[in-house]
Amino acid sequence: MKILKKSHCLLFIVASIATNAHSEVKYVKECIGHYKYDLPDSSYPGLLPVSILEGRIDANYARFPNGEKVFPRYENQLQYQTYWFVFEAKDKNDSIKYSEKKLERFKQKKKEQLASSLDFEREEGKGYHYKRVDDTLYLMNKKAYNAMFFWGNYGYFFGGEFNNFTINNNDIKMQSNRALIAPRRLNEIPQNGLCIPMATLKETDMKDLDLTANYQLLDYPEVTFSLQESVTTNQDYQEKPNRDWIDMRLITVANHHSENTKIHLIGSPRYRSRSLGDKQGLEVLSQYISRESKKPVYLYIARMIADKPGDSSLTFLAYLDESNAKNNPLPVEEFEKIMTRIVDSIERRK
């Protein structure tokens, strides 16, 4: 993989004849983890489709609302073996239909386990239980549990693993984790707790924190971006931690997605200082030709690694993939302006 330099001005020829989209953008406030930031009001978070309840919950099936582009990642967890997913339904009946399908599959799995010719599978089947407490459905076996509840058109799915199986202790753990999550509206910033898309986590424990919000510009579906807050570990510290992390990301993208494994760095200097959450970080704008579509993709990265392990680091990734444009793609100059506006607005919530 080669990281190449390319003249910034050549990429902006179309800017002079394009509509100044940036001047028309209005912003609202949104949040992830401990941070809040400006969000274009035409943005919408990427959520899991409610139909995912028909099978195993897998973030790889996550889609943005406009088109089939998958999320770059979807991780929201506070501590090892505890995680949350949020999905969207068309209406309440849609939610009920898929939650019942989830329960049917659970009952069928238990039936199959109990009918197995293998002793250990029959024993596992005996540990399958489900219960409803208020608005929440809990599905559990001896090793782990899943739970779900609905709020309007949104569904909240969370789960974890048990250390030692005792029904009473596990009931306490499941319901304690249920009490951690509260629905919220988009652009509603809570006074306390941690933000995830469409919800607030009341716990503020920093252990293994990894929270991500993914968005798409609905007017320009070729533009997707994500902001992640994660806890810094000793492995994050290298000679030039921000530069090294960004270079590794560029190499990965080039090797897996670039038609010729090359990626061009745009602008001067190529790596630029940028503040994220009132702490100094680094940014880079790049371009490559997609191996799949043969069209240009622009990738903007801003990264801030905390001063010491245990503190929050921030990662902002944004893509302009011209193959997903409905009409004329957003000019890259406007793309960069909008993304840097978001990054510049990031601040720690009090």
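Read the figures in this text as sums done on the coordinates, not as results from a lab. Predicted, not measured: the structure shown is a model, and the values here were computed from it. Ideal geometry is used to build each Cβ from the backbone, glycine not excepted, and the neighbour counts take in all protein chains shown.
Give the lysines whose C-alpha is closer than 20 Å to that of LYS90, dropping any in the same chain fewer than 8 places away, or say none.
Here the lysines satisfying the reach criterion relative to LYS90 are LYS69, LYS101, LYS102.
Kirkwood Rh over Cα pairs of the range 308-349 into Stokes-Einstein at 20 °C, 1.002 mPa s: D in µm²/s?
Stokes-Einstein gives a translational diffusion coefficient of 169 µm²/s.
Please give the contour-minus-distance gain from LEU118 to SER268: 0.36 nm per residue of separation, less the Cα-Cα distance, rounded to one decimal in nm.
The LEU118-SER268 span can extend by a further 47.5 nm.
With 12 Å as the cut-off, how large is the P(r) tail for the range 257-309, expressed as percent of Cα-Cα pairs?
Roughly 67 percent, rounded to a whole number.
May I ask you to list the aspartates and glutamates whose Cα is less than 19 Å away from that of LYS92, ignoring any residue fewer than eight positions away on the same chain?
Within reach: GLU54, GLU100, GLU104, ASP134, ASP135.
Looking at the range 202-350 from every direction and averaging, what is the projected area of its Cα convex hull in nm²? Provide the component values of the computation, followed by the final result.
Numbers: hull surface 39.4 nm².
In nm², the orientation-averaged hull projection of the range 202-350 is 9.8.
How far apart, in nm, are two points set 7 Å out from the Cα along the Cα-to-Cβ line at ARG348 and at ASP94?
4.0 nm
Measure off 7 Å from each Cα along the Cα-to-Cβ vector at VAL133 and LYS308, then give the distance between these two points in nanometres to one decimal.
Each label point is offset 7 Å from its Cα along the Cβ direction, giving 3.8 nm.
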